[in-house]
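Novice: Pasting a structure below so you can have a look.
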Amino acid sequence: MYIVDKTYFIKKLSIPNTEEHNSEQAIQLETSIDLYARQFLQVTLGNVLFSDLDSNVTDGALEVGAPLKWLNLVNGCSYTLDGKDYTWKGLIYSEGLYKNSMLAHYVYVNQYNDTVNTMLGQVGLQGKNSEVVNPTSHLVGIWNDFVKMYQGENCYFNKQTIHRGVIFTDYFQETQESGYVSYLKFLTDNKEDYPTFSAGTLEFKNSLL
């Protein structure tokens, strides 16, 4: 595990045959989590910030005594900017009994994208007494859900804005009527804590091919 574990892979992210700890599918999922969750954070935070975060992760979980900026990033927080209140849900969060995470979405799509390209359906994921189907449409939906959590639903490029008195070019802007913010919005609004993050924008997909 790395920040997320297999308990986040439920409902739309459900993966058959992972209930048994030592099953082939369970081992593959754990390997994918270790690889892709780290990859996402390395790419979007950059090596300096990721190294700092990673130094506060033990056995795949963020330490309870980690600096506040990492607790806020992983577990979420509320903050006020320019007189407006915002909420970042976190890299991992729960809504009732339902666990959710953009990291789980990223891991899910990346683990099975190669399978999609074979055009043979979800090879290796077929549950007992079930039929192999082409998962492209399903994976596209998961990817687009991930992009919404990552950058919001509305992105506009090359907008000059003033952030705490400093003029800079913003490559993503999103409406914030709900008060809930995306990953990119959170990092930008709190750039003093994450000064070297290197995240860019992504595209919504109609196909993963």
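The values are calculated or read from the model by the stated rules, or taken from the named source; none is laboratory data. Owing to the predicted nature of the structure, the values given are computational and were not obtained by experimental measurement. Neighbour counts run over all protein chains shown; Cβ positions are idealised from the backbone, glycine included.
Novice: Criterion first (over 17 Å from Q111 (Cα atoms), surrounded by fewer than 14 Cβ atoms within 10 Å (Cβ to Cβ) and modelled with pLDDT of 95 or more) does G76 satisfy it?
Specialist: Details: over 17 Å from Q111 (Cα atoms): yes; surrounded by fewer than 14 Cβ atoms within 10 Å (Cβ to Cβ): no; modelled with pLDDT of 95 or more: yes.
Answer is no for this residue.
Novice: List every residue pair whose Cβ atoms lie under 8 Å apart, where the two residues are 6 or more positions apart in sequence or sit on different chains, the first residue falls within region 6-17 and is free of Cβ contacts under 8 Å to residues at least 40 places away in the same chain, and the second residue, located anywhere, is part of a helix (DSSP H, G or I).
Specialist: Between residues of region 6-17 that are free of Cβ contacts under 8 Å to residues at least 40 places away in the same chain and residues that are part of a helix (DSSP H, G or I), the close pairs are K6/A26; K6/L29; K6/E30; K6/I33.
Novice: Can you say whether T80 is under 17 Å from D5 (Cβ atoms), among the β-branched types (V, I, T) and not in a helix (DSSP H, G or I), as far as the supplied structure shows? Even if it seems obvious, please write down each step before you answer.
Specialist: On the way: under 17 Å from D5 (Cβ atoms): no; among the β-branched types (V, I, T): yes; not in a helix (DSSP H, G or I): yes.
Taking the combined requirement at face value, the residue does not satisfy it.
Novice: Just one of A61, A26, A37 is surrounded by fewer than 17 Cβ atoms within 10 Å (Cβ to Cβ), in contact (Cβ under 8 Å) with a residue 12 or more places away in the chain and under 16 Å from the mean Cα position of the chain (by Cα); which is it?
Specialist: So the residue among A61, A26, A37 that is surrounded by fewer than 17 Cβ atoms within 10 Å (Cβ to Cβ), in contact (Cβ under 8 Å) with a residue 12 or more places away in the chain and under 16 Å from the mean Cα position of the chain (by Cα) is A61.
Novice: On the basis of being acidic (D, E), at pLDDT 50 or above, exposed (fewer than 15 other Cβ atoms within 10 Å of the Cβ) and more than 16 Å from T44 (Cα to Cα), does E174 make the cut?
Specialist: Here the answer is no, as E174 does not meet what is asked.
Novice: Restricting attention to region 1-57, which residues are farther than 13 Å from H105 by Cβ, of a type in the set (F, W, Y) and not in a helix (DSSP H, G or I)?
Specialist: Within region 1-57, just Y2 meets the criteria.
Novice: Could you list, in sequence order, all residues of region 83-96 that are without any contact (Cβ under 8 Å) to a residue 60 or more places away in the chain and either assigned to a strand (DSSP E or B) or within 18 Å of Q151 (Cβ to Cβ) (or both)?
Specialist: If the condition is that a residue be without any contact (Cβ under 8 Å) to a residue 60 or more places away in the chain and either assigned to a strand (DSSP E or B) or within 18 Å of Q151 (Cβ to Cβ) (or both), then G90, Y93, S94, E95 are the ones that fit.
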